[in-house]
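Trainee: Dropping the structure in here first, questions after.
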Amino acid sequence: MRWSPPSSACRRRWCRSTWRGCCCSATRCRRRDGAARQADTTGGVPVSCAATGGDDAVAAAAAGWIVRLSADDSAEREAARAGFEAWKAADPRHAAVAARLEAFVDGTRRLGAAAPAQRAARSALGGVLAPTPRRRHLAGAALGLFVAVGIGMLLRLQPATALLADLATGPGELRSSVLADGSRLTLAGGSAVDLGFDAGTRRVSLLQGEVLVEVAKDPARPFVVETAHGRVRALGTRFIVRRDADATLLTMIESSTAASTAPPAAGGETVVVAGQSARLDARGVTLLGAVDAGAAEQAFQHRRLVADDLPLAEVLDVLARHRRGLVRYDRDAIAGIRVSAVLPLDDTDRALQLLQNSFPQLRVRLLSRWLVLVDRPG
């Protein structure tokens, strides 16, 4: 994650009234300095995390504040509320994570709302079991445990990188955003990017998932997409980048790009032109051959995965990003299975069924709506 100097003009705004959404912000301001984390004197909850890391620490700190907001003493609650507001104002990352966490907790409370008969029974039970200091203490401990477990589940379903990203989508979403320079990013489901625009470069860091990039012309500022596996420097306008666990896949729709690995290989950049695809991994940049650029873009827009002799593990990685819940499998056990198919990413149940029909040796078990196990018995 890259950090830019603070700027009072840096704001994040979303047009939520339309399906597509619009990000009209300049580069998000982040705090570069901060020798270590400062602590709030009222309770030791971190006020600001160093720019070099601490994504999970931010989520844990937000959980700590929410637990403190449930204190029995009204003065403690007011002090916690003031401290929480100051903590959120100290860093845009704090406010973003706090908003998602509060929504998560509110959602679970709504799910737990009792029916009228249940409320009457609870009211009667409450008359017998009147509150005592010990019960209040246990209730507070239970709430703390609930929030901690909820945070763990939330981070498993949506990693901290996505919670803190400049732009992100949930499973099944497809969102298009116009950047400050006029470029457009369309994020597939389960994707996240950070933006780093300055006077000399326009940088998009793809943290997870897949993005369709349409680059606005600006000869003075190169447009670069980065992943853990390398970088793609735009020489033209439109291309798709997908980040998998072990590699990054580039598909050129229009014009060309220059791709290189991280760290850069001795051969330098490889030019990839329209109608070609390339793979960036530890071995370098490998051209994969010709693709139908129009069909590739349509597949992206219509939420279809076109698998052409892909390892099953990579296919399951993509399905997992488009599905709410967890998809678990042993990569080594399914290493020999390769897939050539067109799978619906907007109906992952059907996609999993198609895989099972095509590969009888596979076993797909839906343990709940939130957990799918894929294995190869024997």
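FYI, it's all coordinate maths here, none of it is from the lab. Source: prediction; values computed, not measured. A quick note on method: Cβ atoms are made from the backbone with ideal geometry, for glycine too, and the neighbour counts reach across all protein chains shown.
Trainee: Taking K and R as +1 and D and E as -1, what net charge do the other residues with C-beta under 10 Å from the C-beta of A188 add up to?
Mentor: Within the 10 Å Cβ shell, the charges total +2.
Trainee: Using θ = phi - 60° and the Karplus relation 6.51 cos²θ - 1.76 cosθ + 1.60, list the HN-Hα couplings for region 294-303 in order, rounded to whole Hz, with x at every Gly or Pro.
Mentor: x, 5, 5, 5, 5, 4, 4, 5, 9, 6
Trainee: When a/c is below 1.5 the answer is rounded, else prolate if a/b is larger than b/c, else oblate, so apply that to region 167-298 with a ≥ b ≥ c taken from the square roots of the Cα gyration tensor eigenvalues.
Mentor: Note, shape of region 167-298 comes out rounded.
Trainee: Fewest to most neighbouring Cβ within 10 Å: what's the order for S277, S176?
Mentor: Least crowded to most crowded, the residues run S176, S277.
Trainee: Now for a different question. If you rank R203, R283 by fewest surrounding Cβ atoms within 10 Å, what's the result?
Mentor: Fewest-to-most ranking of R203, R283: R283, R203.
Trainee: Could you run the Karplus curve 6.51 cos²θ - 1.76 cosθ + 1.60 with θ = phi - 60° over region 184-200 and give me ³J(HN,Hα) per residue in whole Hz, x for Gly and Pro?
Mentor: Result, rounded to whole Hz: 10, 10, 10, 8, 6, x, x, 10, 8, 9, 10, 10, x, 9, 9, 5, x.
Trainee: Given a Förster distance of 51 Å, report the FRET efficiency between N357 and K217 from their Cβ-Cβ distance, rounded to the nearest 0.05.
Mentor: So, using R0 = 51 Å, E works out to roughly 0.65.
Trainee: So if we plug the beta-carbon distance of A95 and D198 into 1/(1 + (r/R0)^6) with R0 = 22 Å, what FRET efficiency do we get, rounded to 0.05?
Mentor: 0.45
Trainee: Scan around A333 for amide H atoms under 5 Å from its own, H built in the peptide plane at 1.01 Å from N, and keep only partners 5 or more places away or cross-chain.
Mentor: none
Trainee: What list of ³J(HN,Hα) values in whole Hz, one per residue of region 242-258 in order, does the Karplus curve 6.51 cos²θ - 1.76 cosθ + 1.60 (θ = phi - 60°) give from phi, with Gly and Pro shown as x?
Mentor: With the stated coefficients, region 242-258 comes to 10, 9, 9, 5, 10, 7, 10, 10, 10, 10, 8, 9, 8, 6, 8, 9, 10 Hz.
Trainee: Going out from 0 in 10 Å bins, what whole percent of all Cα-Cα distances in region 303-375 drops into each bin?
Mentor: P(r) over region 303-375, rounded to whole percents: 20, 62, 17.
Trainee: Between L326 and A245, with labels modelled 7 Å along Cα→Cβ, what's the label distance in nm to one decimal, could you check?
Mentor: 1.4 nm
Trainee: Arrange the following residues from fewest to most other Cβ atoms within 10 Å of their Cβ: E173, E85, E210.
Mentor: E85, E173, E210
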